[in-house]
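The structure appears right after this line, and notes come after that.
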Amino acid sequence: MTERRHFALALHGGAGNIRRGTAREPAIRKEFQACLEEGRSRLSAGEESVDVVEAMVRRLEAHPLFNAGRGAVLTSTGGVELDASIMDGRNRAAGGVACLASVLHPISVARRVMDRGEHVLLVGEGAAAFARQQGFETVPAESLVTAQRRRQLDRARTQSRIRLDHDASTQDDDGRGTVGAVALDLDGHLAAATSTGGLINQLPGRVGDSAVIGAGTWADDATCAVSATGHGEAFIRAAVAHEVDAGMRLASLDLESAARRALERAEACGGRGGLIAVDGSGRIAMPWTTAGMIRGRVSANQEPRISLFDNG
Ligand code: ASP
């Protein structure tokens, strides 16, 4: 009997107080559709999941609609500080960067940290020096800043608030956020990747869950691949991404139940958000505890599907 080979891919574009009918919604759906189609053709051609999740996140980092790379939210001093991480389920190889400015694709710097294998997490000036030394193209930090992000920071400063991208005021809330991808490839390997600019008006030097393996990103072929989005402090304290793994491995929960339980843990630590996860059979879970989460999925036997809210 020939073994049936399967692939699956899920993406998120952040969770939060996403509103219906904004001007940006069609653009988000269009970009997600294009990403899912590209991901499907890569995975069906036999590309490795770790390469596909990196490619998906790179696409979204380059798109100013999302809070990663170009279009990232700003710190309280108006700076850009990018966090990203990636994990390979074959061997739990992992890499992350935090507080990185002047690089359009932090996910690829995180990938290089992982591939070199000496370290798992590089931050700030050290991460920037590593990126330069590894030949990554640097860009002026201001080139990553959009006028909309400046206005958003001004409003957050006036209200003295630190916020999730999607929880910004109604004027700002046009549906953009942290990005992530999880995938199962034809060889049965899992991988996850996450990238963000963090929280609006966060203190310089603050690192959220998206850079932290086990909090924002996790992958192990034996269980699942996870990419999270939400209040990073709570997600770190609840070790959300690893909590999904633990639920499956130690409590024999299925993917969906383990994913929901992990978000309950984050809520108990005072933070809301969502996650995308895939297991070794290609099952996908995409729970969230905020008003909405930008998300999309595609698999060997299912057309791309994109949703922002409960029902669509
Ligand atoms: N989790 C990210 C952080 O705390 C923010 C987000 O997901 O929107 O940096």
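Does ALA225 satisfy the criteria of being within 16 Å of the ligand (Cβ to nearest atom), part of a strand (DSSP E or B), among the small types (Gly, Ala, Ser) and surrounded by 24 or more Cβ atoms within 10 Å (Cβ to Cβ)?
no
Pull up the stretch 1-38, narrow it to residues that are in a helix (DSSP H, G or I) and closer than 18 Å to THR229 by Cβ, then point me to the one that is most open to solvent (accessible area, probe 1.4 Å).
Checking each candidate, the answer is ARG29.
Take the stretch 276-312 and flag every residue that is open to solvent by 20 Å² or more (accessible area, probe 1.4 Å), outside any loop (DSSP other than H, G, I, E, B) and hydrophobic (A, V, I, L, M, F, W, C).
ILE284, TRP288, ILE306 - these are the residues of the stretch 276-312 that are open to solvent by 20 Å² or more (accessible area, probe 1.4 Å), outside any loop (DSSP other than H, G, I, E, B) and hydrophobic (A, V, I, L, M, F, W, C).
Just to be sure, is GLY198 within 16 Å of the ligand (Cβ to nearest atom), part of a loop (DSSP other than H, G, I, E, B) and crowded, with 24+ Cβ neighbours inside 10 Å?
When the stated conditions are applied, GLY198 passes them.
Please specify each residue of the stretch 128-139 satisfying the condition of being surrounded by 12 or more Cβ atoms within 10 Å (Cβ to Cβ), closer than 17 Å to ARG58 by Cα and not aromatic (Phe, Trp, Tyr).
ALA131, THR138, VAL139, listed by residue number.
What is the number of the single condition among (1) within 16 Å of the ligand (Cβ to nearest atom); (2) more than 14 Å from the chain's Cα centre (by Cα); (3) assigned to a helix (DSSP H, G or I) that ALA241 does not meet?
All conditions are met except number (2).
Among the numbered criteria (1) more than 16 Å from the ligand (Cβ to nearest atom); (2) modelled with pLDDT of 95 or more, which one does GLU25 miss?
Only one criterion in (1) more than 16 Å from the ligand (Cβ to nearest atom); (2) modelled with pLDDT of 95 or more is unmet by GLU25, namely (2).
Go through the residues of the stretch 94-109 one by one and say whether even a single one is under 28 Å from ARG272 (Cβ atoms) and part of a helix (DSSP H, G or I).
Checked against the condition, which is being under 28 Å from ARG272 (Cβ atoms) and part of a helix (DSSP H, G or I), the stretch 94-109 yields at least one hit.
Of the numbered conditions (1) within 15 Å of the ligand (Cβ to nearest atom); (2) open to solvent by 10 Å² or more (accessible area, probe 1.4 Å); (3) of a type outside the set (Ser, Thr, Tyr); (4) at pLDDT below 95, ALA72 satisfies every one except a single condition; which is it?
(2) is the only condition that ALA72 fails.
Would you say ARG206 is charged (D, E, K, R) and in contact with a Pro (Cβ under 7 Å, 6 or more places away or on another chain)?
Taking the combined requirement at face value, the residue does not satisfy it.
Within the stretch 102-127, track down each residue that is touching an Asp or Glu at 6+ places or on another chain (Cβ under 8 Å), at pLDDT 95 or above and open to solvent by 30 Å² or more (accessible area, probe 1.4 Å).
HIS105, ARG111
In the stretch 60-100, what count of residues is obtained for those that are out of contact with any strand residue (DSSP E or B) (no Cβ under 9 Å at 6 or more places or on another chain), under 23 Å from LYS30 (Cβ atoms) and of a type outside the set (Gly, Ala, Ser)?
Of the residues in that region, 2 qualify.
SER41 passes all but one of (1) part of a helix (DSSP H, G or I); (2) over 24 Å from GLY280 (Cβ atoms); (3) open to solvent by 60 Å² or more (accessible area, probe 1.4 Å); which number fails?
Checking SER41 against (1) part of a helix (DSSP H, G or I); (2) over 24 Å from GLY280 (Cβ atoms); (3) open to solvent by 60 Å² or more (accessible area, probe 1.4 Å), the one that fails is (2).
Could you tell me how many of the residues in the stretch 201-219 are near the ligand (Cβ under 10 Å from one of its atoms) and open to solvent by 10 Å² or more (accessible area, probe 1.4 Å)?
Selection size over the stretch 201-219: 3.
Filter the stretch 257-275 for residues that are open to solvent by less than 10 Å² (accessible area, probe 1.4 Å) and under 15 Å from GLY16 (Cβ atoms) and give the result.
The answer is LEU263, ALA266, GLY271, GLY273, GLY274, LEU275.
The values are calculated or read from the model by the stated rules, or taken from the named source; none is laboratory data. Not measured: the values here are computed from a predicted model. Note that we place each Cβ from the backbone using ideal geometry, even for glycine, and neighbour counts take in every protein chain shown. The area values use the complete protein model at the heavy-atom level, side chains included, leaving out ligands, DNA and RNA. Shrake-Rupley method; radii C 1.70, N 1.55, O 1.52, S 1.80 Å.
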